[in-house]
1. Hey, can you tell me all the residues within the stretch 1-31 that are touching a helix residue (DSSP H, G or I) at 6+ places or on another chain (Cβ under 9 Å) and either at pLDDT 75 or above or among the hydroxyl-bearing types (S, T, Y) (or both)?
2. Checking Y126 against (1) modelled with pLDDT of 85 or more; (2) in a loop (DSSP other than H, G, I, E, B), which single condition isn't satisfied?
3. Please count how many residues of the stretch 70-117 are out of contact with any Asp or Glu (no Cβ under 9 Å at 6 or more places or on another chain), assigned to a strand (DSSP E or B) and under 30 Å from R35 (Cβ atoms).
4. With (1) in a loop (DSSP other than H, G, I, E, B); (2) modelled with pLDDT under 90 as the list, and F148 as the residue in question, which single condition is left unmet?
5. Taking the stretch 31-53, which residues are among the polar types (S, T, N, Q), surrounded by fewer than 16 Cβ atoms within 10 Å (Cβ to Cβ) and part of a helix (DSSP H, G or I)?
Amino acid sequence: MAQILPPFVNMKPKAKLTKQLEIDVRELCQPCGRRVGTKGHKLAERWVEQRLQEIGCIPYHENSFSLPYEVDEVEFKNIGGNYPSNSQGLEALAKRPRSSPRPRDWVQAMDGEEFLFDPWDTKYKYEYSGSYDSSRPEIISAGPDKQFGSEDDMSSQKDSQN
């Protein structure tokens, strides 16, 4: 299997998405900094949680994206959400999921359905958990022969040099 990027990485950037990414990066690069314990860190933390909710991510733990922990008496916080389930698949980027886990809020990340198909016009297979890294989803192309399970399959998790 050769390595491929997720289908949405290969697409031409959409003006709206490009503009939003620019706004997001500028917001996170404020001059007040983001060192743990600073005002800038707290602002960035709240901002990231708000953006995760706005784009339709499902909180990782109960109703919170925050996962606090402590190391050497210093408090830290990871921020996380959930990937779409196998039944929701990549379609969850274009259409609001109707199956569990349902996002509280949802924002359409992709337009149309062309991103669901590989260059050979076969629908990508979405698997969570992935076959090489079970903590991440895997996107698989059937390759030029259009048959899953054959030598020319390509995976977002498999290194092309293996």
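The values are calculated or read from the model by the stated rules, or taken from the named source; none is laboratory data. A quick note: this is a predicted structure, and the numbers were derived from the prediction, not measured. Quick reminder, even Gly has a Cβ in these numbers, built from the backbone with ideal geometry, and neighbours come from all protein chains shown.
1. D24, E27, L28, P31 - these are the residues of the stretch 1-31 that are touching a helix residue (DSSP H, G or I) at 6+ places or on another chain (Cβ under 9 Å) and either at pLDDT 75 or above or among the hydroxyl-bearing types (S, T, Y) (or both).
2. Unmet condition: (2).
3. 7
4. With respect to (1) in a loop (DSSP other than H, G, I, E, B); (2) modelled with pLDDT under 90, F148 is out only on (2).
5. Answer for the stretch 31-53, where residues must be among the polar types (S, T, N, Q), surrounded by fewer than 16 Cβ atoms within 10 Å (Cβ to Cβ) and part of a helix (DSSP H, G or I): just Q50.
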